[in-house]
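Here's the structure, in structure tokens; my notes come after.
The values are calculated or read from the model by the stated rules, or taken from the named source; none is laboratory data. Keep in mind the model is a prediction, meaning the values are calculated, not measured. Cβ sites come from the backbone with ideal geometry, for glycine too, and all protein chains shown count toward neighbours. Note: areas computed on protein heavy atoms with side chains; ligands, DNA, RNA excluded. Shrake-Rupley method; radii C 1.70, N 1.55, O 1.52, S 1.80 Å.
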Amino acid sequence: MINFIVVEDNPLHLEKTKKIIMSYMMKNDYPFDIKTFSKFSKELINTIKVGEHNTFIYILDFELPNTNAIDISRTIRNYDWKSPIIVFSVNGGMALETFKQRLQILDFVNKQYEAEKNLHELFDICFKQLKLRSHFKLTIKKKTYIVDLENILYLYRDNYKRKTVLVTDFGEHMINDTLENIKSKLNNKFIYSHKSYIINTKRVSVLDWKNNDVIFDNGVKANILSKSRRKELDCICLKGN
């Protein structure tokens with residue numbers, strides 16, 4: 001169970017943060033819970049005290065009615081050095097960077113600027129820190145399988161069989177679902193390389209535009225590039241994952 005601990009006194013920002021968490025976790029197969037607090041309280045302290053033995057991700061608003069995120073972070077670190085801490089703040093400067101290093105705060109996020117994009121990227125980092133992996137639930141012939149997203153190379157639509165094919169490190173799987181619907185269940189590392197193909201950009205080693213090939217990090221080569229997608233793919237793959 002992943003426990004998101006959100007400390008936010010603004011009801012609108014709280015609801016927005018909860019929706020961002022849910023949109024991210026909808027693409028993962030982990031059970032999760034969201035616990036919310038509007039201020040620093042005994043209930044919050046009691047929750048923090050059990051954090052060392054649980055999987056917690058903290059999201060703290062910087063300014064709160066009776067304290068701030070730095071003081072809460074200090075309390076968290078008194079009991080737990082494992083759980084990631086993310087702070088919503090419109091402030092900046094060297095002072096926050098000092099606290100970031102001293103209290104091992106993952107990052108300060110401006111809630112007014114691309115909050116969803118930034119939080120989703122930070123959640124990816126949290127999963128790595130906590131040694132969690134994203135999974136995809138797959139049902140074949142009434143049997144359910146859990147596929148590690150990092151093992152998926154690409155997906156494509158087989159129009160003849162009217163199925164979607166999932167290509168992984170360990171073979172291919174036919175799925176009785178549309179490519180578009182499956183993509184909606186994956187994370188943002190999966191993008192179209194062609195109208196009928198979706199690639200896992202985290203597994204891409206080379207984009208060979210001369211031959212329209214993708215070479216993956218395990219040596220697999222597939223002729224699945226469309227030049228109309230070149231700008232987007234180069235931007236994502238060359239930037240790094």
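Points worth noting:
- Based on C-alpha pairs under 8 angstrom that are at least 6 apart in sequence, segment 170-241 has a relative contact order of 23 percent.
- Along the axis of the charge dipole computed for the chain (Cβ charges of +1 for Lys and Arg, -1 for Asp and Glu, origin at the Cα centre), the listed residues LEU153, ASN211, SER83 are led at the positive end by ASN211.
- Carbon + sulfur, % of accessible area of the chain - ligands and nucleic acids excluded, 1.4 Å: 49
- Dipole magnitude of segment 153-235, debye to nearest 20 (Cβ charges: Lys/Arg +1, Asp/Glu -1, about Cα centre): 260
- Taking every protein chain into account, the accessible area of the chain amounts to 55 square angstrom per residue (probe 1.4 Å).
- For ASP169, the solvent-accessible surface computed with a 1.4 Å probe is close to 60 Å², ligands and nucleic acids excluded.
- Taking every alpha-carbon pair under 8 Å whose residues sit at least 6 apart, the chain reaches a relative contact order of 13 percent.
- Non-local lysine pairs in segment 168-211, meaning eight or more places apart or on different chains, with alpha-carbon distances under 17 Å, amount to 4.
- Which of GLY51, ASN188, HIS173, positive extreme of dipole for the chain (C-beta unit charges): HIS173
- Since only LEU132, PRO11, TYR113 are under comparison, the one whose Cα sits farthest along the positive direction of the charge dipole of the chain, derived from C-beta charges on Lys, Arg, Asp and Glu, is LEU132.
- Against the criterion of solvent-accessible heavy-atom surface with a 1.4 angstrom probe, LYS231, LYS49 sort, most first, into LYS231, LYS49.
- Correct option for Kirkwood radius over Cα pairs in Å [calculated from the coordinates] among (i) 18.7; (ii) 19.9; (iii) 20.5: (ii)
- For segment 173-238 and segment 6-35, distance of Cα centres in Å: 29
- Ignoring aspartates and glutamates fewer than eight residues from LYS221 along the same chain, the ones with Cα atoms less than 15 angstrom from its Cα are ASP169, GLU172, ASP208, ASP213.
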